[in-house]
Each structure stands twice: as structure tokens, then as C-alpha cells.
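Novice: Have a look at this one before I ask anything.
Read the figures in this text as sums done on the coordinates, not as results from a lab. Keep in mind that what you see is a predicted model, and the values were worked out from it rather than measured. Backbone-built Cβ (ideal geometry, glycine too); neighbour counts: all protein chains shown.
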Amino acid sequence: MIYNFIKHFLDRIFAIALLIGFSPLMVFIALLFWIQNGEFPFFTQVRPGKNAQLFTIFKFKTMRDTRDNDGKLLSDFERITPLGNIIRKLSLDELPQLWNVVVGEMSFVGPRPLLPEYLSLYSTEQSKRHSVKPGITGWAQVNGRNVLSWKEKFALDCYYVENQGFSLDIKILLITLYKVIVPKDINAGSHTTMEPFNGKN
């Protein structure tokens, strides 16, 4: 209880400070995306948070909505923009999620929020990831990110839930900072994001 209270308090304090401090950079990035794509520079999507409650996540929109002749979205690799690729490698596309932390929907550290359609596919063990707030970074992100299989990623998420504490949070934040400076393990093969979870993979 004390850990959760202090973590929630520190999350909001630091998120507000960082949101103010990074606001000039965020405005600059938003303007670049607006000029490049000619559309709203933010990506929004509904994701499940703590206790599977739905909320809207915010990120910079690094991919265009380009579709094929049948109206189907092209692959992430084909849709990501040159600017979006740079922003992703630097993990700056996550900055708008500071607002999600400010309003209490997310934490700095926790399992990454995934898609609502995955909720019915989780095993009882995998569902533990929703017993805490989702995070901007997490134990799975610093241990392989998209090069992990879904089973490996969920196992790491559950490890965090069962072992969460200030020491583990600080460790994750320090490793995250290092990985932002030395980017790696971002892409799974030739894809920008992982293949969809189907309950078996």
C-alpha cells in the first residue's frame, strides 16, 4: 500500500515536471509531423489499463494511414515515415504518454498496455499484467522488447507484477535510459511492431 501510494505520487510529480520541461521539444516534433504528413500529429488508441479498464493512449503518429487497393493498411515497415523512424529509435514517440501518467491512467514503469482484443486470449497467469497500471517502460521492454516472443514478454510482465518495488523500478528506469542512448532490440525482424497475439504464439 505504501509503495503504491508513493509510486502514484512520484509518477504524477515527475510526469508534470517532464511534460513542462519537454513541452518545447514536443511542440517542435508535433509541428514536424504536421508539416510532413499534413494531418493530426498524434496517434490515439484505446488500451486496457489496470483492472482492464479502457483508456486512450497518446503517442506521436510515426506512420501514415496508407492502404492498398483493397483498402487494407500496408505493413508497418511500408507506412513508417523517415522522421517517424528516427523518433521511434530515440523513443520520443512515447513522450505524449506523460499525459496518461499525469491523469493516473499509466505509470512510468509497468507492463506495456496492449490491445483490448487480447483480453479474452490471456491465460489466468498472463492476466496478472492487468493487476497494476501499465507503464511507459517495463521489465519486458528492457529485456528484449519486440525481439521477445509473446510468451517471453508475458512471463517478464508477470515477474514484474510479482516482484514490483522501488529497487526494480529504478533498475528498469536506468536500463531504459541506457537503451534510449544506445537504441537496440526495437524491431522484430523486418517489422516495426510485433505480429498480433493470437493466444498461442
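Novice: Take every DSSP beta bridge whose two residues both sit in the chain, then give the antiparallel share in percent to the nearest 5.
Specialist: For the chain, the DSSP antiparallel bridge percentage is about 85.
Novice: May I pose another question? For region 1-52, what's the radius of gyration and Dmax over Cα atoms, in angstrom?
Specialist: Cα radius of gyration and Dmax of region 1-52 are 15.8, 47 Å respectively.
Novice: For K50, which aspartates and glutamates qualify as cross-link partners when the Cα separation must be under 20 Å and same-chain residues fewer than eight apart are set aside?
Specialist: K50 reaches D11, E94, E105, E117, E125, D157, E162, D169.
Novice: Taking the Cα centre of region 77-201 as origin, work out the dipole magnitude from +1 charges on Lys and Arg Cβ and -1 charges on Asp and Glu Cβ, in debye rounded to 20.
Specialist: 200 debye
Novice: Can you give me the span-like helices of the chain, meaning DSSP H runs with 27 Å or more of Cα extent along the axis and Kyte-Doolittle mean at or above -1.0?
Specialist: 2-37
Novice: If the elastic network links every pair of Cα atoms under 10 Å, which of T124, T56, T176 fluctuates the most in the Gaussian network model of the chain?
Specialist: T124
Novice: Give the residues of region 84-102 whose amide nitrogen is closer than 18 Å to a point set 7 Å from the Cα of Y118 in the direction of its Cβ.
Specialist: Those under the cut-off are 94, 97.
Novice: Of all the Cα-Cα pairs you can form in the chain, what percent are over 21 Å apart?
Specialist: Pairs farther apart than 21 Å: 54 percent.
Novice: Follow-up. Given the pairs K59/K89; K128/K151; K151/K171; K61/K171; K151/K200; K59/K153, which are separated by over 19 angstrom at their Cα positions?
Specialist: Checking Cα-Cα distances, K151/K171; K61/K171; K59/K153 exceed 19 Å.
Novice: Right, here's the next one. Give the separation of the Cα centroids, region 128-168 to region 89-116, in Å.
Specialist: 14 Å
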